[in-house]
1. Quick one: net charge of Ser356's neighbours, Cβ under 15 Å, K/R +1, D/E -1?
2. Identify, among Leu54, Ala87, His314, the residue whose Cα sits farthest towards the positive end of the charge dipole of the chain, taking +1 on the Cβ of Lys and Arg and -1 on the Cβ of Asp and Glu, with the dipole about the Cα centre.
3. Of all DSSP beta bridges located in region 72-308, what percent are antiparallel, nearest 5?
4. Which order, highest average first, do 240-250, 159-169, 265-275 follow once you tally other Cβ atoms within 10 Å for each residue and take the mean per peptide?
5. Among the listed pairs Lys119/Lys217; Lys118/Lys166; Lys66/Lys387; Lys119/Lys275; Lys118/Lys217, give every one whose C-alpha distance is greater than 22 Å.
6. Mind jotting down the distance between the C-alpha centroids of region 284-299 and region 332-394, whole Å?
7. Using only alpha-carbon positions, what ratio does the radius of gyration of region 72-308 give when scaled by 2.2 N^0.38 Å?
8. Provide the percentage of antiparallel DSSP beta bridges, counting only those with both residues in the chain; round to the nearest 5.
Amino acid sequence: MGNKQVLIDRAEAEFYKTYNRFPVVFDHGEGVYLYDTEGQEYLDFGAGIAVMGLGYNDSEFNEALKTQVDKLLHTSNLFYNEPAIEAGEKLLKASDMDRVFFTNSGTEAIEGALKIAKKYAYNKSEAPLAGKIHDHEIIAMNHSFHGRSLGALSVTGNDHYQEPFKPLLPGIKFADFNDLDSVKALITSKTCAIIMETVQGEGGIYPATEEFLKGVKALCDEHDILLILDEIQCGMGRTGTMFAWQKYGVKPDVMTVAKALGNGVPVGAFLASGKAATAMGPGDHGTTYGGNPFVTAAASKVLDIFEKRNLTDHVKEMGDYLGEKLAELTGQHQMVTGQRGIGLIQGLEFSIPVSSIVSQALLEEKLVLISAGTNVIRFVPPLVIGKKDVDEMIKRLKAVLDQQS
């Protein structure tokens, strides 16, 4: 193992400065624990930002990757490959969607979803004199987060992220999440899609209400608008169903997924159903790496493991337990002003910025937590946690909060 400070100094001399990283160099992981280059053990309740659903060093998952490494890593989408076909079948079965396109990331999945919406509207628009029209509009949500590329950033409802990079995509309007009237007020004849996270993550862990999601779906059906649900963080079993929208019985026209789909291997996907499934044709979209045999072998094995181990039921049980323990903690500390979430995507809201709490938990209690905005700590642990892990997390977090009080 290298000296921690030497490694940090090397990184600071090399990396483009877009992150303020914590002074920890992680070396390996086991289960729900991470280990740094100094040999110290950390309890992980961030899962690499909701990525490591199976935790670290899962032997069955690792073996699938090792096997594929020895067979074939990449061929391009000019050809077929068996792992992609198998992963696609399993993902479509889990989601009840009709078509899938594998990407390299969640952000790229969002880009594909936006292109489906624009192409769908383009296909059905025929102005008598001008031919096809292009001034289509998309409704997104305030306080949403969909990614950092220019298209995804355009539908991200946070001006702080957007301001330095304007002008962004035209025709984007922002409604208030869980306020159906605010959505209705923005719909025009130009609206081609409504995009939202089923559970807002970065915006503070806000689940959609059933009334809101069903109301938006009804508006989409009424106006022939595509409903795009971003399940990149809240999908893949994290809420206790394979995808969060399945709790509501509201099936989207387009869905995006990534993060836990690859359990650390960079893979995402956008999926389309019904009228959206045939909107784009050959030449409309592409990717060099997306859907290669290695990443789809990872996704295929993840989907196998989810089904074989019945992880969604486990998440329901652990989510209820985590929620109970967080609620108890809320009642014990005045600075904690709220608690919300579903399954293993939970949030604690504070009356103060949480950056110092997150940092202290990491450095003093060896507890990995991440924030969601300025004053919310989000809990998105590996889906394989047990009650003892929740108890240990609460013990360590309580020690930090007792010092902060």
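Only the coordinates and a few stated rules stand behind these numbers; no lab work does. Quantities reported herein were computed from a predicted structural model and do not represent experimental measurements. Here Cβ is always computed from backbone atoms with ideal geometry, including for glycine, and neighbour counts include all displayed protein chains.
1. Here the charged neighbours net out to -3.
2. Farthest towards the positive end: Ala87.
3. Working: 12 of 28 bridges.
Among the beta bridges of region 72-308, antiparallel pairing accounts for roughly 45 percent.
4. The peptides rank, most packed first, as 265-275, 240-250, 159-169.
5. In this structure, Lys66/Lys387 exceed 22 Å between Cα atoms.
6. 34
7. It is 0.98.
8. Numbers: 32 of 50 bridges.
Given both bridge residues lie in the chain, the antiparallel proportion sits at roughly 65 percent.
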